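The values are calculated or read from the model by the stated rules, or taken from the named source; none is laboratory data. None of these values were measured; they are calculated from a predicted model. Counting neighbours? That spans all protein chains shown, and the Cβs are built from the backbone with ideal geometry, glycine included. When the accessible area is computed, the model is the full protein with side chains, heavy atoms only, and any ligands, DNA or RNA have been set aside. Shrake-Rupley method; radii C 1.70, N 1.55, O 1.52, S 1.80 Å.
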Amino acid sequence: MTSMQQRAELQRRIWQIANDVRGAVDGWDFKQYVLGTLFYRFISENFAAYIEGGDDSVQYAKLNDIVITPEIRDDAIKTKGYFIYPSQLFARVAATANTNDSLNTDLAAVFSAIETSALGYPSERDIRGLFADFDTTSNRLGNTVKDKNARLAAVLKGVAELDFGDFDASHIDLFGDAYEFLISNYAANAGKSGGEFFTPQQVSKLIARLAMHGQSSINKIYDPACGSGSLLLQAKKQFDAHIIEDGFFGQELNHTTYNLARMNMFLHNVNYDKFNIQLGDTLIEPHFGDDKPFDAIVSNPPYSVKWIGSDDPTLINDERFAPAGVLAPKSKADFAFVLHALSYLSAKGRAAIVCFPGIFYRGGAEQKIRQYLVDNNYVESVISLAPNLFFGTTISVSILVLSKHKTETHTQFIDASGLFKKETNNNALLDTHIDEIMAVFDSKENIEHFAQSVPFDKVAANDYNLSVSSYVAGKDNREVVDIAQLNAQLKTTVAKIDQLRKDIDAIVAEIEGEEQQA
């Protein structure tokens, strides 16, 4: 099989395991166990590979715990961020899972030991609570200890049987791809609740390319509403040739999703000292104020979520919101995320943010914020995408691209709503579509029905409306009708109908005459 076929087979198999093992448990509720087990296997093999250091004569999984010296442990934690004893490795636990009557408590102890191994080390914050959602005592696993152990053993066995090959660079890619595949499928099957934490891979790719366009190196990349981390990791996947000097930064409000994001970083071989994911409300308790500015910012914040807004009188003096002179509406925090991102953006960088279309044309505070952005020449592009690209919503969203280094005052509008491939449940953005968008984003060329760079005066005169449809005329796909030809066809048709009526009348008259004679 080709590598693509191997990946497809691996993905088919892992999704089959996820469905077979969960039984009657809802897939969304059960996702933590499959994702957590995959993560447990990855960090076990990753750690063993680090200890073995490429020496085939060393098999860490077969060693006795007592041979591990404090010096080995200390050095490993400083490098990898955590420590796993041989007896705690996934392979060792999975091998005896079917016959282990205390599997659920043993697993809980292993997870606790891995997390606490980082206590007092720089990685403590990054490791703490990683397995918090892997509740081995949950009734979702079964009502009795025996039932729980059987379900846990089945998950361990299923993940253990997955063939990732030898632990090398391609092996790591397979782990990361499998994790992303699982998250994507769970999001797709969870509807709105899943779409809130996952940005489809191709859309993430477009956003990452927009944010990093023209920069061969950036200091760091940031997502203020990072979800499962898929947007940040697209930057790594697409731009390994570019230098991301200080790593990946993100903040997430939901605790479970925050754990997914940290696991996702490890599974893509991003070491603890190269990422910083924080838990909390970005708008009210923002992290990374001391780490800004960022050369690249990517984000798909929640659409029209409520926030405290003007109910907190101190926010109007917050350095993120004060320059606009007005706060985003309490019922729609969209522009609060936009202003936050702008505040954290460097003078040479770009921010690419997925936005609900309503914020581009509504009045009130949102119009005033748009005016602030346009008057200060921060809006580089607004790109409307096709509908039904995201899980849980059919809305045609837009991407707002902010820049602090524009050399001219035009605002670019791109209508990419026609660029998609129709699939079973969702539309899909293809690489060719992304390339087409990036080409016109780079050139700023005016293309009829596709892209227009609009002068400042025209945007201002239009009440600072930033809707793409206000500036890019949609292509008229209606069929051109030849009126003269149509009239001629109608005349012929009417004549035929009149003749048909005469023929029918004659037939009816003939039948009536025969009946009278009879």
Report summary line: A correct Karplus calculation of ³J(HN,Hα) over the range 303-316, with 6.51 cos²θ - 1.76 cosθ + 1.60, θ = phi - 60°, whole Hz and x for Gly and Pro, returns 7, 6, 6, 6, 8, 5, x, 5, 5, 10, x, 6, 5, 5
Query raised in the report: Once amide H atoms are placed 1.01 Å from N in the peptide plane, what residues at a sequence separation of 5 or more from Glu380, or on another chain, have their amide H within under 5 Å of its amide H?
Result: Val401, Leu402, Ser403
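Only Lys, Arg, Asp and Glu count, each charged at its Cβ (+1, +1, -1, -1), so figure out the dipole size of the range 212-368 about its Cα centre, rounded to 20 debye.
460
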Query raised in the report: Label-point separation (nm) for Asn64 and Ser112, each offset 7 Å from Cα along Cα-to-Cβ?
Result: 2.6
Query raised in the report: What residues qualify as long-range amide H neighbours of Ala451, i.e. H under 5 Å apart, gap of 5 or more or another chain, H built at 1.01 Å from N?
Result: Asp415
Report task. Name the residues whose placed amide hydrogens come within less than 5 Å of the amide hydrogen of Phe294, ignoring near sequence neighbours (fewer than 5 apart) on the same chain. Result -> Leu345, Ser346
**Report entry** the range 339-370 versus the range 131-147: alpha-carbon centroid distance in Å
**Finding:** 44
Query raised in the report: Hey, got the dipole for the chain? About the Cα centre, +1 on K and R Cβ, -1 on D and E Cβ, debye to the nearest 20?
Result: 580
Report task. Kindly report the accessible area of the chain per residue (heavy atoms of protein chains, probe 1.4 Å, no ligands, DNA or RNA), in Å². Result -> 46
Query raised in the report: In sequence order, what are the phi-derived ³J(HN,Hα) couplings for the range 56-67 according to the Karplus relation 6.51 cos²θ - 1.76 cosθ + 1.60 with θ = phi - 60°, rounded to whole Hz, with x for glycine and proline?
Result: 5, 7, 9, 10, 4, 5, 9, 6, 8, 4, 6, 7
Report task. Counting only GluC sites (Glu not before Pro) that are in a DSSP loop and have at most 16 other C-beta atoms within 10 Å, tell me the longest site-free stretch of the chain. Result -> 1-160
Requested in this report: Please determine, in degrees from 0 to 90 and to the nearest 10, the orientation of helix 169-190 with respect to the longest principal axis defined by the Cα atoms of the chain, where the helix direction is its Cα long axis.
Outcome: 50
Requested in this report: Please report, in debye to the nearest 20, how large the charge dipole of the range 311-399 is about its Cα centre when each Lys and Arg carries +1 at its beta carbon and each Asp and Glu carries -1 there.
Outcome: 200
Report summary line: Zone reached by a paramagnetic label modelled 7 Å from Ser216 Cα along Cα→Cβ, restricted to the range 286-321 with backbone N below 19 Å, covers 295-296
Query raised in the report: Of Lys348/Lys444; Lys368/Lys421; Lys80/Lys236; Lys306/Lys404; Lys31/Lys236; Lys31/Lys421, which pairs sit farther than 30 Å apart, going by alpha carbon to alpha carbon?
Result: Lys368/Lys421
Requested in this report: Check each of the trypsin sites (Lys or Arg not before Pro) in the range 414-495 and keep only those in coil by DSSP with at most 16 other C-beta atoms within 10 angstrom; list them in order.
Outcome: Lys444, Lys475, Arg478
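State the extension gain, in nm to one decimal, for the chain segment bounded by Asp442 and Val494, taking 0.36 nm per residue of separation less the distance between their alpha-carbons. It would help to have the intermediate numbers written out before the result.
Details: separation 52, 0.36 × 52 = 18.72 nm, distance 5.68 nm.
Result: 13.0 nm gained on full extension.
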Query - Residue-wise HN-Hα coupling along the range 210-223, computed from phi with Karplus coefficients 6.51, -1.76, 1.60 (Hz; x: Gly, Pro) - result: 5, 5, 9, 4, x, 10, 6, 8, 10, 6, 5, 10, 9, 10
Report summary line: For the chain, longest principal axis from Cα atoms; helix 483-517 axis from its Cα atoms; angle between them, nearest 10 degrees, is 70
Report summary line: Taking a ≥ b ≥ c as the square roots of the Cα gyration tensor eigenvalues, with a/c under 1.5 meaning rounded and otherwise prolate when a/b beats b/c or oblate if not, the range 236-383 comes out prolate
Query raised in the report: Restricting to the chain, what percent of DSSP beta bridges are antiparallel, rounded to 5?
Result: 45
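With a 1.4 Å probe and every protein chain kept in, tell me what percent of the accessible surface of the chain is carbon plus sulfur. It would help to have the intermediate numbers written out before the result.
Numbers: 11980 of 23990 Å².
It is 50 percent, rounded to a whole number.
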Query raised in the report: Put +1 on the Cβ of every Lys and Arg and -1 on every Asp and Glu Cβ in the chain; which of Thr314, Gly120, Ile284 then has its Cα farthest towards the positive end of the dipole?
Result: Thr314
